[in-house]
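Below: the structure, in structure tokens.
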Ligand SMILES: [Fe+2]
Ligand SMILES: [Fe+2]
């Protein structure tokens, strides 16, 4: 993937052909993404509850929740603009599989959040690349929107990683190393569909 380095040095690269498969049903893709942005906002709020003893972490997590809520609203507005209804939540097998492997409480919750953000960032970038050749989604506002989300998600991945490091020190980097292998296994095992994961 020339010109793109995902945050956290993910260990399984998504092939560019994935984006064409994901764009097969743009209405489903965008609906799924709306649900994911809402879950990201709720997750940031839940984490802020768990980090309430740290004023710095609380502020950072409140900011993250605010940004995800803003993304949620904007994806809903994009759906409205295209005249596409918000479809029922099909669930996120990727996030579910990662949480199924968690064993270290808050540390794993922070690292899983970082990994999901990093993978979203990689895939939004791929969608942005493929979108330029996709007739219905090829409009400049749509591409600009995806690329803006991608930059935000990269920042979120780094924020969650630094929060884990501040709270758990060396243990966080060792655990992240373990998680990077698990995340690669999980993402490679999942079928492609019209969704970011
Ligand atoms: Fe987001
Ligand atoms: Fe995010």
Exercise. Out of all the residues in the range 6-16, is one or more in contact with a helix residue (DSSP H, G or I) (Cβ under 8 Å, 6 or more places away or on another chain), on the phi < 0 side of the Ramachandran plot and assigned to a helix (DSSP H, G or I)?
Worked result: no
Exercise. Condition test on residue 63, is it surrounded by fewer than 19 Cβ atoms within 10 Å (Cβ to Cβ), within 14 Å of ligand 1 (Cβ to nearest atom) and either within 17 Å of the chain's Cα centre (by Cα) or at pLDDT 95 or above (or both)?
Worked result: yes
Exercise. Of the residues 36, 70, which single one is within 16 Å of ligand 1 (Cβ to nearest atom) and touching a residue at least 60 places away in the same chain (Cβ under 8 Å)?
Worked result: 36
Problem set entry | Identity of the residue in the range 86-124, under 20 Å from residue 178 (Cα atoms), assigned to a loop (DSSP other than H, G, I, E, B) and touching a helix residue (DSSP H, G or I) at 6+ places or on another chain (Cβ under 7 Å), that ends up farthest from ligand 1 (Cβ to nearest atom) | 104
Exercise. Counting just the residues of the range 69-80 that are over 16 Å from residue 25 (Cα atoms) and in contact with a helix residue (DSSP H, G or I) (Cβ under 9 Å, 6 or more places away or on another chain), which one comes out nearest to ligand 2 (Cβ to nearest atom)?
Worked result: 71
Problem set entry | Hey, residue 163 touching a residue at least 12 places away in the same chain (Cβ under 8 Å) and either within 16 Å of ligand 2 (Cβ to nearest atom) or surrounded by fewer than 21 Cβ atoms within 10 Å (Cβ to Cβ) (or both) or not | yes
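The values are calculated or read from the model by the stated rules, or taken from the named source; none is laboratory data. Keep in mind that this is a model prediction, so the values were computed, not measured. Neighbour counts run over all protein chains shown; Cβ positions are idealised from the backbone, glycine included.
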